[in-house]
Amino acid sequence: MSSPRFCSECGKPLEAGHRFCKNCGSTTSVEANALTTLTRDQKVLGSHQAQSSQPQVSVPVNNTGATASTIITPNANTPGFTPVMPISSSETPGVSGASYSIVPTSGDQFYAQATDADVIPPPPPPDSFISTPQEAPASPYYTPSPQAKGSVPAYAQAPKRSRGCLVTSVVLLLVLVVGGVGAFYVVRSRNSTGSNQNGNTSSGQQSTPSTSGNTPTSVTTPGSNGNTPNIGGPAIVPLNLKFTYSSVDITLVSVQQARSFADDSSTPQGGVRVATMESNSTTNNGRYSYGDVIRLIMPDGSVIAPSNEKSFEGPAAGISRDNWIDFAVTNQNIDLSKLILRFGSATENQMNIPLVAGADLSKYQSKTVTPNSTFQYAGKNWTLASASESLSANGQQAATGMVYVIGTLKAINSSANNFSAFPGDFMRLQSGDSKSPPSDFTFPTSVASQSNGTGMVTFAIPQGGTSFTLLMLAQQSSPPINANSVTFQIQ
């Protein structure tokens, strides 16, 4: 029976038939791990001395062939105890001197100290067979060195995973998340600009379905006069342009271009929005629809009708409100200052409003004079207090090539007779060769004795005149009424 062997590196028991130590991977060569032999002059003690003494056993400690003596107390009655007996060198080929063999014997036996004279040191283990030491039951014959316990070759160690890649991945992920959130809020902010900066309906007028917003009052596009071409918008350019259309006072608050408007689905490919303030101080409701009377003139001369409006018709009598009118414009790189907003249908005296802050709109503004001219007619004292020229009157826009002239008259009847007459029967307004009857009036048809009468008379007359004559026609009555006239200038 062959003797048990121990690893020369870690001291753990070796299994039979294995070329390498299962614990550390060292070679299990017989020459390297042969047990030390007894010295030739050493005598084996009797069994009677084994019971009272502590025999010594020499076991290899390292690969240098040195031996160490360990004191044990063997007992034949101890379970699992097998004494080691010397065997002849002829029984162990290649090993000189006596060797130890574990064989059962009768009686008490003991180990004697062996010599290391003929022990061949084991070769160093190949690198490829060295493995990580594993825990094994402690051997009473060997105490491994600290290096054998914890030392692991570099190639046998588990690869260290760098945390740099993990940190880099986390940072990149955070950058992507933050960038995506930032882009989302930027887009959301741009899309909400149009809806948040447009007016709310302040009247009960019928309007297209939309969400409320506030009228834009600030410019977001930098550049000369705030009118640089817009690259994708939204661009909001303040205008503050005031004029009157169909007796409604209108202020163009701003013009805006955007790829879309949150409160208007009619411009999915982009559009231009004109924000307005509207005030109707007359007793007449707005008699127009924006889809009929407004057009956007593009820089190339093309004409675009509105695609949608917050309120699609003029405000009712006594109503002031904000509004917006949208036009579908797919070209996102236009110069807003080159746009023109046209008010008026094809049969009306149209107004072309440049969408530029400070544009000259004087030719569309009303002109008023106060001649305070007095004259006699039908035995009453008359006064032409004022006269105005306008493109609209009484909720109506003047026809193409025409203007309205409105005269304010006052009559004092100090006679004993009442005065009754229809203004259309005795009044005319002459400008050049044209004579026009009143188109509307508020002057009373009767002025009682010892009373006064005041009111306005409106005439539609060809545009372009500056000198006007109010004609009071002769009447074939009893007593007859003689004609009279008064002339005034509106420059």
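The values are calculated or read from the model by the stated rules, or taken from the named source; none is laboratory data. Treat the numbers as computed from the prediction; the structure is a model and nothing was measured. Note: ideal-geometry Cβ built from the backbone for every residue, glycine included; neighbour counts use all protein chains shown. The protein model used for the area step is the full one, side chains on, heavy atoms only, and it has no ligands, DNA or RNA in it. Shrake-Rupley method; radii C 1.70, N 1.55, O 1.52, S 1.80 Å.
Here are some notes:
- Total residues in region 245-277, condition over 22 Å from Ala346 (Cα atoms), open to solvent by less than 30 Å² (accessible area, probe 1.4 Å) and not β-branched (Val, Ile, Thr): 11
- Residue in region 466-477 that is of a type in the set (S, T, N, Q), open to solvent by 40 Å² or more (accessible area, probe 1.4 Å), assigned to a strand (DSSP E or B) and at pLDDT 95 or above present: yes
- Checked against (1) without any contact (Cβ under 8 Å) to a residue 60 or more places away in the chain; (2) open to solvent by 10 Å² or more (accessible area, probe 1.4 Å), Gly286 passes all but a single condition, namely (1).
- Of all residues in region 440-463 being within 60 Å of the chain's Cα centre (by Cα) and outside any strand (DSSP E or B), the one that is surrounded by the fewest Cβ atoms within 10 Å (Cβ to Cβ): Thr442
- Restricted to region 356-404, the set of strands (runs of 3 or more DSSP E) holding at least 2 residues that are open to solvent by less than 20 Å² (accessible area, probe 1.4 Å), under 23 Å from Thr283 (Cβ atoms) and in contact (Cβ under 8 Å) with a residue 60 or more places away in the chain comprises 380-390.
- The criterion of being closer than 23 Å to Leu429 by Cβ and open to solvent by 60 Å² or more (accessible area, probe 1.4 Å) does not hold for Thr408.
- Out of Arg342, Arg321, sole residue that is open to solvent by 30 Å² or more (accessible area, probe 1.4 Å), touching a residue at least 24 places away in the same chain (Cβ under 8 Å) and in a strand (DSSP E or B): Arg342
- The residue that is surrounded by the most Cβ atoms within 10 Å (Cβ to Cβ), among those in region 414-430 that are part of a strand (DSSP E or B) and at pLDDT below 95, is Phe419.
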